[in-house]
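The values are calculated or read from the model by the stated rules, or taken from the named source; none is laboratory data. From a predicted model like this one, the values you see are computed outputs, not experimental measurements. Positions of Cβ are backbone-derived with ideal geometry, glycine not excepted, and every protein chain shown enters the neighbour counts. Just so you know, the surface numbers come from the protein's heavy atoms only, side chains and all, with ligands and any DNA or RNA stripped out. Shrake-Rupley method; radii C 1.70, N 1.55, O 1.52, S 1.80 Å.
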Amino acid sequence: MKAMVLTKMTDLIQNKNPLEYIEMPEPIPKEKEILIKVSTCGVCHTELDEIEGRTPPSTFPMVLGHQVVGKVVETGKHTSRYKIDDRVGIAWIFSACGKCEFCQSGNENLCPDFKATGRDAFGGYAEFMTVPEDFAYPIPDVFSDSEAAPLLCAGAIGYRSLSLTNMEDGQGLGLTGFGASAHLVLMMAKYKFPNSKFYVFARSGKEREFAVELGAEWAGDTEDEPPEKLNCIIDTTPVWKPIVEAMKNLKPGGRLVINAIRKEEIDKDYLLNIDYPKHVWMEKEIKSVANVARNDVNEFLKLAAEIPIKPEFQEYKLEEANQALVELKERKIRGAKILMIN
Ligand SMILES: [Zn+2]
Ligand SMILES: [Zn+2]
């Protein structure tokens with residue numbers, strides 16, 4: 001089969017072709033696994049973190065990609081959930097131990113044995129992939145393969161972020177950073193909390209305009225102050241400045257949820273601007289989001305089908321994955337980037 005593989009960590013500013021287009025053997029499903037013929041795979045900011053070494057693959061070469069939609073073409077000996085030709089999605093969580101306290105409580109995203117698709121196991125930048133059947137999800141019929149792919153990461157982790165804010169209807173929610181995940185959060189939050197107002201902080205004027213089009217009450221720059229203090233803010237940026245600036249905009253007892261697998265080092269010194277009374281005091285909290293649990297994916301897919309949420313996307317061929325990654329790095333973003341594979 002054809003695949004785009006990462007053979008070593010590299011710097012995307014210097015190396016615009018981090019992945020190699022190669023021929024490799026088709027995978028064989030183990031007893032509890034299914035074999036998927038990949039149709040589409042989303043391109044995620046986390047791939048940049050893998051390529052640049054902030055969350056490196058556990059082995060090389062690695063097939064990246066964790067927003068995968070495809071059809072079941074073979075089932076392992078001890079599987080029962082799916083039959084041939086069923087359409088399924090695969091997300092960032094590839095497997096977990098199933099036995100630890102986190103797995104037992106439905107928080108398998110925190111499992112010490114958490115394995116990530118496209119980082120610890122081969123992902124969807126390929127014509128075929130295998131996955132344990134318990135970690136595949138039926139895709140609601142309302143979505144095309146391209147529409148469904150970005151829902152599996154940006155959408156599912158956005159859903160978890162929104163749950164972790166603990167917000168209630170009528171409370172104010174801020175979103176700092178307005179990329180793929182934040183768009184989806186705004187759409188689902190408007191539906192779940194019809195009496196709330198939403199405030200977006202983004203560096204680009206275009207993103208701010210888009211936020212207002214999508215129903216934000218107000219949109220400003222990262223350091224701006226919204227017309228009211230907010231109960232909760234979700235940060236989806238890869239840097240530090242938005243954290244400091246968001247903390248000042250929280251109400252007493254407010255919570256900042258950071259939805260980022262890693263932060264870049266580039267502006268870390270901005271943290272020295274933290275002023276305890278202004279940014280931290282009055283019981284303000286910071287909580288990070290780690291990975292996704294299966295419930296997040298399943299519940300979000302149901303919600304997205306009900307609303308419905310149809311993400312905007314831009315299509316690329318498998319062999320154009322490098323171009324899509326470089327454009328993502330350069331923040332040339334017009335909707336989610338999707339590789340069209342079979
Ligand atoms: Zn992702
Ligand atoms: Zn576990």
Self-check item: For the chain, calculated [θ]222 nm from helices alone, where every DSSP H run of n ≥ 4 adds -39500 (n - 2.57)
Solution: -6500 deg cm²/dmol
Exercise. Tell me the Kirkwood hydrodynamic radius of the stretch 183-284 in angstroms, computed as one over the mean inverse distance between distinct C-alpha pairs.
Key: 14.3 Å
Quiz item: Residues with beta-carbon under 14 Å from that of Trp281, excluding Trp281: net charge, scoring Lys, Arg +1 and Asp, Glu -1?
Solution: +2
Quiz item: Whose amide H sits under 5 Å from the amide H of Ala260, counting only residues 5 or more places off or on another chain, with H placed in the peptide plane?
Solution: Val289
Practice problem: With a 1.4 Å probe and all protein chains in place, put Leu110, Leu19 in order of accessible area, largest first. | Solution: Leu110, Leu19
Quiz item: How much accessible area per residue does the stretch 1-135 have, in Å², with a 1.4 Å probe?
Solution: 44 Å²
Exercise. Among the GluC sites (Glu not before Pro) in the stretch 1-37, which ones are in a DSSP loop with at most 15 other Cβ atoms within 10 Å of the Cβ? Mind listing them?
Key: Glu31
Exercise. Would you give the gap between the C-alpha center of the stretch 11-25 and the C-alpha center of the stretch 47-62, rounded to a whole Å?
Key: 12 Å
Practice problem: Compute the whole-percent fraction of alpha carbon pairs in the chain spaced more than 38 Å apart. | Solution: 14 percent
Quiz item: Tell me, what ³J(HN,Hα) does each residue in the stretch 102-112 have, in order and in whole Hz, if you take phi through Karplus 6.51 cos²θ - 1.76 cosθ + 1.60 with θ = phi - 60° and put x for Gly and Pro?
Solution: 6, 4, 5, 9, x, 10, 5, 5, 9, 4, x
Quiz item: If Cys111, Cys97 are ordered by their accessible area, calculated over protein heavy atoms with a 1.4 Å probe, which sequence runs from highest to lowest?
Solution: Cys97, Cys111
Quiz item: Pairs Lys8/Lys302; Lys190/Lys263; Lys115/Lys302; Lys99/Lys268: which exceed 32 Å Cα-Cα?
Solution: Lys8/Lys302; Lys99/Lys268
Quiz item: In whole percent, how big is the carbon plus sulfur part of the accessible area of the chain, probe 1.4 Å, protein atoms only?
Solution: 49 percent
Exercise. May I ask you to rank Glu217, Glu283 by accessible area, largest first, using a 1.4 Å probe over the protein chains only?
Key: Glu283, Glu217
Quiz prompt | Candidates per trypsin sites (Lys or Arg not before Pro) in the stretch 82-138, loop by DSSP, up to 11 other Cβ within 10 Å | solution = Lys83, Lys99
Quiz item: What figure in square angstrom, to the nearest 10, would you give for the accessible area of Trp240 with a 1.4 Å probe?
Solution: 50 Å²
